Amino acid sequence: MSEHFRSRIDLEFTVNGEAVELTVPAGRHLIDVLRLDLELTGSHAGCEHGVCGACTVLVDGQTVRGCLTLAAQLDGAEIWTVEGLTESGAIADLQAAFVERNALQCGYCTPGMLASAKTLVESGSVPSREAIREHMSGNYCRCTGYEAIVDAIETVARTRAGVEARVEAKVR
Amino acid sequence: MTIRFEDPNRPNSYIGRTVPRPNAGKLVAGRGRYVDDIVLPRMVHVAFVRSPHPHARIGAIETGAALAEKGVLKVFTGKDLAEICTPWEGKLAHLQGMKTPPQHPLAVERACWVGEPVVAVVGRTRAEAEAGAALVEIDFEPLPAVTDIRTALDKGTPVLHEALGDNLCFRKSNEAGEVDRVFAEAPRVVEATFKTARHTGVTLEPRVIITDWNGADGQLTAHVSNQAPHMLQVLLAGHLDIPESRVHVICGDVGGSFGLKVHVYPDEVATAAIAKIMGRPVKFASDRVEAFTSDIHARDHEATGRIALDENGMILGFDVDDWTGIGPYSIYPRTSAVEGLQVTNLIGGPYAFDHYRCRTSVVFQNKGICAQYRAVGHPVAVAITEGLVDKAAAEMGIDPIEIRRRNLIADDDYPKTTAAGLKLEGLSHHKSLDSLIEAMDYEGLRAEQKDLREKGVHRGIGIASFIELTNPSPFMYGIGGARISAQDGCTVRMDPDGSVVALTGVTEQGQGTEAIMAQIVAEAVGVSPDLVRVVTGDTRVTPFGGGTWASRGAGIGGEAALQAGRAVRQQALEVAAAMLQAKAGDLDVRDGIIVDARSGEERLTLAEVGRIVYFRGDTLPKGLPRELMQTRHFITSDYPYAFTNGVQASYVEVDTDTGFVKLLKHWCVEDCGRIINPLLVDEQIRGGIVQGIGAALFEEVCYDASGQMLNGTMADYLVPMSAEMPDMVIRHVETPTAESALGAKGAGEAGTAGAPAAIMNAINDAIRPLGGTVTHMPFTPERILRALGTITD
Amino acid sequence: MKASIGGYARAESVPHALSLLGEADGVGRILAGGQSLIAALNLGVSAGDMLVDITGIETLRGATLDGDRLVIGALTRHGDIARDPLIAEHAPLLAAAAPLIAHDAIRNRGTIGGSLAHADPAAEYPACVLALDATLVLEGPAGRREVAAEDFFLGLFETARADEEILTAILIPCARPGDRHVIREAARRAGDYALAGLAVVRREGRHRIGAFGLDDRPVLCAGAMAKWDAGDVDGMIAALAKDIDPPSDTQASASYRRHLAGVLLRRIAAELGEAQ
C-alpha cells in the first residue's frame, strides 16, 4: 500500500455539539461509527444500501444516509442525531406530534423519520400532503401505513407556520 | 362484576379511550433498546456462509483461510453443531399425512435453498466475521432443483427429499354438501385463476439475537427480536438439552415482526449452540441481504376457483383448488401447512351458502421457507373469494354492493357454523357494509366514475368483505403437539405507593400492547393508566404465555390482565375494609382512592393501603389475605377462534397507456369486538392495509427457474413507501365476544386480509370495460397492460 | 454488510488526486458523493479498493458561466443542481432532473460527476447530458481533454474515462430563448430508478432525445430525433422503438419498457405542442 493510503483514519468532528476525536477503520460507515464507537444507538441500520432511511442523520444541517457515508469523509463535519436533537429540544414539537398521533409503532424508523421531517418543517411553509409524502418517500416504515406520519408532520408544519392544525380529529 | 362499557362516564373508564402509548416517548427520543443496541462484555459476532445454490450436496469444507484471517476466532460446520443441538421437524400431529425432514441449525449433507446457512464464522466484530466468511471454501455439488409449484408432484420432477418419497408436504380437502351436483346444475358458474406472489416480511429491524451461555451457572440467556419468548425458551431448552427454567429469553424493543419473528430460525439456534460451545455472548444480526434469503417467505399460492350461483345471484357454493410452495422444510414449530389450511377454511367466509370444497396442496421446493406472516392465508382466501364474487356480479350485471347484500350472512343469523365448518359467534357484515357505503359515498363515487370515464379517465371501485381469525385456542397448534401456548397470563402487583406493575405474557412489537394493558389494568384496579408500568417479553418474570401472534394479545392477554387487575383491586378492598371496619362490597377504588361505592365519599388512598400492607402488616387482623400481587391466566374455550369481520373499499385510477395505478383513497370498516384504544386500532388497520397494498401492487420475491433469487435487495424488492400510499378512512362496528368480560377480539390482521382483494377488484372495475381483468399479484403496470392486450409479446 | 476497502486517501486538489490514483496500483477508485459506490462496497460488489476521496476539492463544486457555456463542477450535488438559479436558467433540464433522483438524503451527497462517471443506464443525468449535447472534461496524467457526451458512454457502467482520469466538469451549451427542456420518467415509486425515462431538448425546431432505463447505456435516440425534426410523430414513436434495446428484469420486460418509452415520448411531444 502506498503510504498515502490509510486503513485507519483519524477524525475530528462534532456530534450533537460535542467535539469528538477518534480513529476508525477506513471502511467504516457513519452509522456504525455512531452506533458502535460513540454508543449513539438511536439511529438504526436498516438496510445498509441506502434505501430504507433508518440511518438518516443530519450532517452540516442536511440529511444524509449514515450507511452511504464513510466516517472518513466527515472530518470537520457537524453531525446531529436523534439523541442530540432530543436534548436540544429542536424537534420537541415533532416528537410530541408523533406520540400524540401514534405516528410510530415499533419505533425503528422513527429517528430517521424525524431527521427527514425536521428539514421539511423548518422551511417555514406548509407543504401539501403530497409534498410531505414525496419528501418522506425515502424513509421506510412497515408498521404505520404512513398516514399518521404525514398527519403529524402536517400538524407541526401548520403550527410552526401559525396555521391551525386540522388533523387532530383523527385522534379520538 | 361486569364493566358497564356502554357508560363512558363510569369510574376509571380507561378501556375504550385513546390514551397515548407509554412506550412511545422513549422511541421518539431514540431511547429504545433493540437487541442490536446491546453490547455485552466479551461479546463476539457470528456471520454465516450461506448456500449460493438452490440445491447442492455439501462436500469438503475448507476453513483454514478463514481461521487465519485477523479477528476470526472460530468456524463451525453443520456437523460441529449437530453434536450439541438436536434437529427439529415442523410437524403437527393433527395435520394428517404431513411430512417434513429433520432440519439442523447448519445444513449437514445438503443445502436446499439459496441462503440456507452452512458454515458459521465467529469474529471479534461483524466486519471480521464477514471477512472470514468470505474465505470459507465449500465444495458444493449442485443437484437438480424443484421450483415450480404445479409440477412439483409430477413424475418427471426430481424428489427434493428422497426419504419422503415425493414432494408433497401436506394435502387437505375441506368439503361439505354436494359440490359436484350443484356446480353441474347451477344456472351460473364463474371460474378464475389466482396467484398471490411470494412475499417476505421486511421488518425494518432485521432478525437479531444475542445468546450467552454461563456454564458456571448452567444458564442460557437470549436477547432476541421475537414475538414469542416463552416458545423460544422451551424450544432452545429442548434442542440444547437445558432445563427450561435455566433458559432466559428477553425480548425488549422489537423493530417490527408481523409473524416473521415468531418462528425458529436455524441461524438463531446456531447462535445459541455456538454460545454454549464458546461460553461467551454471541451476537447474530442479520443484514438486509441475508434477510431476503433467510427470513421466512409467505403467500406463494396459485389457485383455480369456481363459484356457483342461482339466477338471482345467490351463492350456492365455492370450489377451489389451491396450491402452495413452501420451500424445502416446513417451518418449526408452527409448520408451513397452516397457510394452505387457512385457505381451505376461509374461502367464502363472509357468505351464506351450503356447498363447499377447497383443497390445498402444499409442496416442497428449493426456495426460501414459507410460513406464517401477518394475516396467514387470509389475503389469499379473500382474494379468491372476492375476485370470484366480483366476477360473478359483473357477468350477471349485478352491482358489487348488491351481490354482497344478497349473500353476506345476516347479522342476526349467529351463532352459525359455516359450510367450511367455521364456528362463528357473532359478526356484523351488513352493518359494516352500511357504514362503508356511507363513509365512501358509494353512489357519489359511482357517478364520478361514470363522468370521468366519458373523459377517458379510468377509475375503479373495489369492495372486499372478509372475516379474520383471532384469539386462537389450542385447536390451532397445541392439539398437534406443538409447545405453543394458547393461554396467556398476567401478574399485577401494587407497589406501596399505589402504583401498579403488570407483567404480561403477551409482547410488544409496536402494536401498543403496553398501552392497552395499562388501560385495562388501570380500569381493573382503579388507578390512572400512567401509574401502571407494563413489563413484557421476559420469560423470567412474566407469566408463561404464548406471546403476540394471530391477533391474540388484546383478546387473550387483555382478559388475563383484566382478571388479575380485578383480583388486586379485590385484595386492596379487603384490606381497606379491615382498616375501615367496613364491608369490602360497599367500597370501590376510583382513581387510586378507596371510596364509598354508593356515595363516592373518599375514605383512604391506595397508597395508605400499600403502606399498611407492606410496612405495618402487624396492624391488620391475623390471617387476613393481603396479597397485592395476583396472577390470572385466560384461555378461550367456547369457540376455537374468535372471528372478526370487516369490509374494505379501494378507489383507484388506472393509466391505461402505462398500466400505472394511482391509489386515490381507501376505506375500511371492521369489527374487532370491544375496542380498548380507538387510535391504536385505527393505526393497526392502516398499517395492515398498506401491507396489503404492498401485496397487491409491489411485493414479489422473484426466483428464476433454477431457484436463484433475483431481487434480494430493497432496491428491487419493492415495499410500499409514503408517496404512493392513499389516505385511509377507518370506521368500526363493535360486536364483543361473550367469551370474556373484556369482549375484545383481535385487530392486527384485518387490514392486510382485505386490502389486496379490494385493490384487485378496483383495478378490474376500472379496466373491465376495456376487456381486461387481472388476478395475478402483484398487479404491476406490465401485468395490467398485458391484461388489456396492449402488450402481447 | 460491511464495506471492505484496501485504503483511503483524501485528495487536496486534482493533481493530488491524480497522483494518488497513480499510486493505487490499478485498484484506485474515486470517491465522490459515494451514493452508488458505498452501497456497492457494502453489498460486497467490490472489495480491496483504494479510495481516493475527492470531495474536499472545493474547485470542483458549483456552476459558473463561461461565455455561452455553463460549466458545472463534477462535485456539484444533486440538491444544489435542483436549487441553483444559474442552472435553472441555463440548463433547466438538469434542474428538472435532479429532484427525480432518489431522495433528499441521497441528493444531499450524490454528485453529478459521480453519476456521469458511474454511468448507470437507468440514471437521469447521463441521458440529460446527451440531450443537452454537453461536453465532459477529463483530467489525467497526460493532461486535460474534452469528450462529447455522445462519445462518453460506451456500455453498461462503461465510459470513455480512463482509470487514471478524473471527470472534473460538465460543459453545457446555455439554453437560448425558445429552447424547451423536458424530462419525463415512469418509476414505480417516487425516487426509484425509472422503468423508462426520456430527456428532451428542443432548439430551433430540432430535437435531441436522451433515453434512460431503456438500454445497457444512456441512448441518444437519433432515429426518433430525425422523425421528430421532420414533424412525423408516429414515425418518431416507431423509430424510438428501434433506437433502444431495453433490458428485461424483475420489474418489467423489454417489450413493456419499449411501449412505455413510446407513451412517454408521445406525451412529451403533446406537451411541446405536437399534434397527435
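The values are calculated or read from the model by the stated rules, or taken from the named source; none is laboratory data. From a predicted model like this one, the values you see are computed outputs, not experimental measurements. Cβ sites come from the backbone with ideal geometry, for glycine too, and all protein chains shown count toward neighbours. Protein only, heavy atoms only, side chains kept; ligands, DNA and RNA dropped before computing areas. Shrake-Rupley method; radii C 1.70, N 1.55, O 1.52, S 1.80 Å.
Numerical summary
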item: When residues of the stretch A:124-147 are limited to those that are of a type in the set (A, V, I, L, M) and over 26 Å from B:GLY201 (Cβ atoms), the one farthest from the chain's Cα centre (by Cα); result: A:VAL126
item: Residues that are within 19 Å of B:GLU699 (Cβ to Cβ) and at the interface with chain C (Cβ under 7 Å from one of its Cβ atoms), drawn from the stretch B:782-793; result: B:GLU782
item: Every residue from the stretch B:108-123 that is surrounded by 24 or more Cβ atoms within 10 Å (Cβ to Cβ) and either under 12 Å from B:TYR329 (Cα atoms) or among the basic types (Lys, Arg) (or both); result: B:ALA111, B:CYS112, B:TRP113, B:GLU116
item: Qualifying positions in the stretch B:255-283 - over 14 Å from the mean Cα position of the chain (by Cα) and at positive phi; result: B:GLY279
item: Residues that are open to solvent by 90 Å² or more (accessible area, probe 1.4 Å) and charged (D, E, K, R), drawn from the stretch B:608-623; result: B:ARG611, B:ARG616, B:ASP618, B:LYS622
item: Some residue of the stretch C:75-86 being touching a strand residue (DSSP E or B) at 6+ places or on another chain (Cβ under 9 Å), open to solvent by 20 Å² or more (accessible area, probe 1.4 Å), more than 12 Å from every other protein chain (Cβ to nearest Cβ) and among the charged types (D, E, K, R); result: yes
item: Residue match in the stretch B:540-547 (condition: part of a loop (DSSP other than H, G, I, E, B), surrounded by fewer than 24 Cβ atoms within 10 Å (Cβ to Cβ), in the same structural domain as B:VAL595 (by TED's automatic domain parsing) and among the aromatic types (Phe, Trp, Tyr)); result: yes
item: Residue among A:ARG28, A:ARG35 that is at the interface with another protein chain (Cβ under 9 Å from one of its Cβ atoms), within 22 Å of A:ILE9 (Cα to Cα) and more than 14 Å from the chain's Cα centre (by Cα); result: A:ARG28
item: Positions within the stretch B:594-607 being crowded, with 19+ Cβ neighbours inside 10 Å and either touching a helix residue (DSSP H, G or I) at 6+ places or on another chain (Cβ under 8 Å) or part of a helix (DSSP H, G or I) (or both), in sequence order; result: B:ILE594, B:LEU604, B:LEU606
item: Condition met for B:ASP530 (within 14 Å of chain A (Cβ to nearest Cβ), open to solvent by 10 Å² or more (accessible area, probe 1.4 Å) and more than 19 Å from B:GLY546 (Cα to Cα)); result: yes
item: Elements of type helices (runs of 4 or more DSSP H) in the stretch A:39-142, at least 1 residues being touching a Pro at 6+ places or on another chain (Cβ under 6 Å) and within 7 Å of chain B (Cβ to nearest Cβ); result: A:82-88, A:92-100
item: Residues that are charged (D, E, K, R), within 12 Å of chain B (Cβ to nearest Cβ) and under 21 Å from the mean Cα position of the chain (by Cα), drawn from the stretch C:241-276; result: C:ARG257, C:ARG258
item: Given (1) touching a Leu at 6+ places or on another chain (Cβ under 9 Å); (2) outside any helix (DSSP H, G or I); (3) buried (at least 21 other Cβ atoms within 10 Å of the Cβ), index of the condition B:GLY712 fails; result: (1)
item: Residue list for the stretch B:18-43, filter: β-branched (Val, Ile, Thr), touching a Pro at 6+ places or on another chain (Cβ under 7 Å) and facing chain A (nearest Cβ under 8 Å); result: B:THR18
item: Filtered residues of the stretch C:20-49 (kept if outside any loop (DSSP other than H, G, I, E, B) and facing another protein chain (nearest Cβ under 8 Å)); result: C:LEU20, C:GLU23, C:LEU31, C:ILE38, C:ALA39, C:LEU41, C:ASN42
item: Single match in B:THR752, B:THR737 (criterion: assigned to a loop (DSSP other than H, G, I, E, B), at pLDDT 95 or above and either among the hydroxyl-bearing types (Ser, Thr, Tyr) or touching a Ser or Thr at 6+ places or on another chain (Cβ under 8 Å) (or both)); result: B:THR737
item: Number of positions in the stretch B:269-279 that are within 17 Å of B:ALA228 (Cβ to Cβ) and either in contact with a His (Cβ under 7 Å, 6 or more places away or on another chain) or open to solvent by 10 Å² or more (accessible area, probe 1.4 Å) (or both); result: 1
item: Spans of helices (runs of 4 or more DSSP H) in the stretch C:99-163 with at least 1 residues among the polar types (S, T, N, Q); result: C:112-118
item: Which listed residue is within 30 Å of B:SER473 (Cα to Cα) and either buried (at least 24 other Cβ atoms within 10 Å of the Cβ) or touching a residue at least 60 places away in the same chain (Cβ under 8 Å) (or both), from B:ILE763, B:ILE767, B:ILE759, B:ILE685; result: B:ILE685
item: Candidate set from the stretch B:295-313 (those that are in contact with a strand residue (DSSP E or B) (Cβ under 9 Å, 6 or more places away or on another chain) and open to solvent by 10 Å² or more (accessible area, probe 1.4 Å)); member that is nearest to the other protein chains (Cβ to nearest Cβ); result: B:ASP300
item: One residue from B:GLU185, B:GLU137, B:GLU178 being in the same structural domain as B:ALA275 (by TED's automatic domain parsing), open to solvent by 80 Å² or more (accessible area, probe 1.4 Å) and either in contact (Cβ under 8 Å) with a residue 12 or more places away in the chain or of a type outside the set (Lys, Arg) (or both); result: B:GLU137
item: Candidates B:VAL249, B:VAL264 - the one that is touching a Leu at 6+ places or on another chain (Cβ under 7 Å), assigned to a loop (DSSP other than H, G, I, E, B) and β-branched (Val, Ile, Thr); result: B:VAL264
item: Selected residue [assigned to a loop (DSSP other than H, G, I, E, B), within 24 Å of C:ALA123 (Cβ to Cβ), open to solvent by less than 10 Å² (accessible area, probe 1.4 Å) and of a type outside the set (Val, Ile, Thr)] from C:LEU198, C:LEU214; result: C:LEU214
item: Matching residues, the stretch B:231-251, being touching a strand residue (DSSP E or B) at 6+ places or on another chain (Cβ under 7 Å) and under 22 Å from B:ARG33 (Cα atoms); result: B:LEU232, B:GLN233, B:VAL247, B:HIS248, B:VAL249, B:ILE250, B:CYS251
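Rundown of residues vs (1) modelled with pLDDT under 95; (2) buried (at least 18 other Cβ atoms within 10 Å of the Cβ); (3) closer than 27 Å to B:SER336 by Cβ, yes/no style:
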| residue | (1), (2), (3) |
| --- | --- |
| B:PRO20 | yes, yes, no |
| B:ALA29 | no, yes, no |
| B:ARG33 | no, no, no |
| B:ASP37 | no, yes, no |
| B:MET43 | no, no, no |
| B:VAL46 | no, yes, yes |
| B:ARG57 | no, no, yes |
| B:THR63 | no, yes, no |
| B:THR77 | no, yes, yes |
